[in-house]
């Protein structure tokens, strides 16, 4: 069995040929789970194994524990075949704007709630790793996502969710971007986002909101300039408008408690817009490494 993940690109015909049935999918996950044939039994830690019962599963030579490639991954206990799971994952990667769970439901003949539960796992795998903070010139701004509030302007949020966004400004265009749901417009809410996603020596520019002032102690290169209704920060305002348009146009509705998942999805794809060919493999690795938590079935689904 080859150890590297060899599928690249967004060609649907090539994907269908590479993964024609469940067995090919199990074999691919086994590559991601046990790279370079590295194996340690989850039960006793022994490193010798032989073939298990299921396709590409491994049975410990000492304690006889039989481990499937999907065990302990985000693919575990999915309510449809692994073959369909791979095709859903590929569709989300291949489409520049992704797919709503309603579209996935229609295309694969599954319940919308079932598609939503699996897509939520995918969105968790799309979370920002925190390993690559933004550097150089970085613009930061907040926005509100939710239904309109008549005759209200400024930083009034009420039923809306507050999102803080950071965008790298390059010599030619823009670079990476991160976004996070926050509780309010205070420096206490801003600070964790700054610490996790922006380098201390970055040249940060924000508007003149007072919530940014306390952060200057930790970020000495933070400068505040007038927003002028967005004219002072055209790039980040365009980014925010595109994000909102994507939410309205593709998903139509996004419940407040799961908004962060959609921010994850948008920016995972956005930050890899010049390397779309590796999106599928990146997600396979992340879903193998990260087993998403079970969701509360009573909570409403998004479209």
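The values are calculated or read from the model by the stated rules, or taken from the named source; none is laboratory data. Keep in mind it's a predicted model, so treat the numbers as computed, not measured. Cβ placement follows ideal geometry from the backbone for every residue including glycine, while neighbour counts extend to all protein chains displayed.
Being touching a helix residue (DSSP H, G or I) at 6+ places or on another chain (Cβ under 9 Å), under 15 Å from residue 102 (Cβ atoms) and not in a loop (DSSP other than H, G, I, E, B) is the filter here, so list the residues in segment 240-257 that pass it.
247, 250, 251
Tell me whether segment 173-192 contains one or more residues that are in a loop (DSSP other than H, G, I, E, B), without any contact (Cβ under 8 Å) to a residue 24 or more places away in the chain and under 22 Å from residue 274 (Cβ atoms).
Looking through segment 173-192, at least one residue is in a loop (DSSP other than H, G, I, E, B), without any contact (Cβ under 8 Å) to a residue 24 or more places away in the chain and under 22 Å from residue 274 (Cβ atoms).
Inside segment 45-96, can you point out the residues that are within 18 Å of the chain's Cα centre (by Cα), under 22 Å from residue 114 (Cβ atoms) and in a loop (DSSP other than H, G, I, E, B)?
Within segment 45-96, 73, 74, 75, 95 meet the criteria.
Only one of 200, 216, 231 is assigned to a helix (DSSP H, G or I) and out of contact with any helix residue (DSSP H, G or I) (no Cβ under 7 Å at 6 or more places or on another chain); which?
Going through 200, 216, 231 in turn, the sole match is 216.
Regarding segment 71-79, can at least one residue be identified that is farther than 13 Å from residue 287 by Cα, out of contact with any strand residue (DSSP E or B) (no Cβ under 6 Å at 6 or more places or on another chain) and either surrounded by 17 or more Cβ atoms within 10 Å (Cβ to Cβ) or not assigned by TED's automatic domain parsing to the domain that holds residue 112 (or both)?
The answer is no, given that none of the residues of segment 71-79 is farther than 13 Å from residue 287 by Cα, out of contact with any strand residue (DSSP E or B) (no Cβ under 6 Å at 6 or more places or on another chain) and either surrounded by 17 or more Cβ atoms within 10 Å (Cβ to Cβ) or not assigned by TED's automatic domain parsing to the domain that holds residue 112 (or both).
What tally of residues in segment 1-17 results from selecting those that are in a helix (DSSP H, G or I) and closer than 20 Å to residue 275 by Cα? Walk me through how you get there before you give the answer.
Of the residues in segment 1-17, the ones in a helix (DSSP H, G or I) are 12-17.
After this cut, where a residue has to be closer than 20 Å to residue 275 by Cα as well, the list is 12-15.
The total comes to 4.
Going by the conditions given, is residue 169 surrounded by 15 or more Cβ atoms within 10 Å (Cβ to Cβ), at pLDDT below 95 and touching a helix residue (DSSP H, G or I) at 6+ places or on another chain (Cβ under 9 Å)?
Numbers: surrounded by 15 or more Cβ atoms within 10 Å (Cβ to Cβ): yes; at pLDDT below 95: no; touching a helix residue (DSSP H, G or I) at 6+ places or on another chain (Cβ under 9 Å): yes.
So residue 169 does not fit the description; no.
Kindly indicate which of 62, 95, 111, 106 is surrounded by fewer than 17 Cβ atoms within 10 Å (Cβ to Cβ), at pLDDT below 95 and either over 14 Å from residue 25 (Cα atoms) or touching a strand residue (DSSP E or B) at 6+ places or on another chain (Cβ under 9 Å) (or both).
Selected residue: 95, the only one of 62, 95, 111, 106 that is surrounded by fewer than 17 Cβ atoms within 10 Å (Cβ to Cβ), at pLDDT below 95 and either over 14 Å from residue 25 (Cα atoms) or touching a strand residue (DSSP E or B) at 6+ places or on another chain (Cβ under 9 Å) (or both).
Within segment 206-218, track down each residue that is surrounded by fewer than 20 Cβ atoms within 10 Å (Cβ to Cβ) and touching a strand residue (DSSP E or B) at 6+ places or on another chain (Cβ under 6 Å).
The one that is surrounded by fewer than 20 Cβ atoms within 10 Å (Cβ to Cβ) and touching a strand residue (DSSP E or B) at 6+ places or on another chain (Cβ under 6 Å): 208.
Which number in (1) more than 20 Å from residue 287 (Cβ to Cβ); (2) in contact (Cβ under 8 Å) with a residue 24 or more places away in the chain; (3) in a helix (DSSP H, G or I) marks the one condition that residue 41 misses?
If we test residue 41 against (1) more than 20 Å from residue 287 (Cβ to Cβ); (2) in contact (Cβ under 8 Å) with a residue 24 or more places away in the chain; (3) in a helix (DSSP H, G or I), just (3) comes out false.
Within the set of pairs 6+ apart or on separate chains, which have a first residue in segment 205-224 that is in contact (Cβ under 8 Å) with a residue 24 or more places away in the chain, a second that is surrounded by fewer than 18 Cβ atoms within 10 Å (Cβ to Cβ) and assigned to a helix (DSSP H, G or I), and C-beta atoms under 6 Å apart?
Close Cβ pairs (under 6 Å, with a partner that is surrounded by fewer than 18 Cβ atoms within 10 Å (Cβ to Cβ) and assigned to a helix (DSSP H, G or I)) amount to 211/187; 214/187; 215/187.
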